[in-house]
Amino acid sequence: MVSAPASEAADLAAAQAGDAAAFGRLVRAHQGRVRRQLRRLCDGDAALADELAQEAFVQAWQALPGFRGQASLTTWLHRLAYTRFLMQRRADAARPASATDADPIEQAAPGAGGDPGALRLDLMRAVAALPADEHDALVHCLALELSLNEAAEVLGVPPDTLKSRLARARAKLRERLADWRHDRQKEPS
Amino acid sequence: MTAAYMGRDRGDEIDADRRIEAALAAHWAQADGAVADGALADSAVADDADRFVQRVLMHLPRRAAPVAALDPQEALQRLMHQRRRNGLGMGIEVAGALVGIAVLATSTMGSASEADLLRLGGMLALGAAALALGLLMPARG
């Protein structure tokens, strides 16, 4: 159920005053976008993404009385979710790497030929191999259909910085996926 | 990078970007799984969303309602409670200071005169009075 703006405003006011049921309706309306954002940031790890989304919404509940509407609720929620994701990423980076953590992207050569599965794998590898800031720029600008300004707000960077990160990410993907060529038959499914 | 794919001009670059973005969109759509926006989705997706909402609601910590949202009587009670807590905090600080003084006094007791002990007794009595005051004043509002 997607709330109409008027009812969302009413739910927002009620949730700010402590109405958990109204907050539940807000979660229902926004969970899809936030979970998608995190699944894409987590490269498809749905369990981790949902855990982070849950924590982000709990944090939103606690911070909601301070929400003054300078940003849209959607952008604000995305920002909370992204902040939670960054904390997780930092914790993962601080964790000593084990043998099972070996990065398959760095180990595997790009797939060859017209196998759609291999091409999809190439794509996943190419995206996951991007530097973190460029990966996040790509996810927020392309996958979430946020405007440049909204994405910049979520990521906490100036729009121009985001624009150049996006350009670098696109250039790297073009380079890494150069072997796709113009053969339409080779497009991934 | 192959010239055939990349092309030599901006037009080919844009074409390459579009193909990559289309492939990315397909990949992400597949990765989305059951996540979708409520009413637009089928029942399984709606159930998944409902379960997620329930999980979030189960984990919500208790949050105090803003004072403005309370009726005046409840707001007054909360204010009194807050002041009582502040008073208790102050009382604990004073008690801590008293204990400190007592420890100090005990360590110098051997060389203390009767006048010193009287002064110490007076300080302790004053401290106790401050403690009582800290505890009682907020309760009176």
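Bear in mind these aren't lab numbers, they're just calculated from the coordinates by the rules spelled out. As the structure is a computational prediction, the values presented were derived from the model and not from experiment. Here the Cβ positions follow ideal geometry from the backbone for every residue, glycine too, while neighbour counts run over all protein chains shown.
Using a/c under 1.5 as the rounded threshold, could you call region A:5-84 rounded, prolate or oblate? The axes a ≥ b ≥ c are square roots of the C-alpha gyration tensor eigenvalues, and prolate needs a/b larger than b/c, oblate otherwise. Here region A:5-84 falls in the prolate category.
When each of A:S147, B:S43, A:S164 is scored by the number of other beta-carbon atoms lying within 10 Å, the sequence from fewest to most is B:S43, A:S147, A:S164. Footprinting exposure proxy ranking of A:R39, A:R176, B:R18, A:R89, fewest other C-beta atoms within 10 angstrom first, gives B:R18, A:R89, A:R176, A:R39.
Partner shielding of A:135-145 amounts to 2, given as the average count of beta-carbon atoms from other chains within 10 Å of each residue beta-carbon. Across peptide A:120-129, the mean count of Cβ atoms from other chains lying within 10 Å of each residue's own Cβ comes to 2. Relative to the current alpha-carbon distance between A:E145 and A:A6, full extension at 0.36 nm per residue lengthens the span by 47.8 nm. Between A:A13 and A:R168, the modelled label-to-label distance comes to 4.6 nm, taking each label 7 Å out from Cα in the direction of the beta carbon.
Spin-label model, A:D133/B:A128: points 7 Å from Cα along the beta carbon direction are separated by 6.5 nm.
Its Cα centre serving as origin, region A:8-81 has a Cβ charge dipole (Lys and Arg +1, Asp and Glu -1) of approximately 240 debye.
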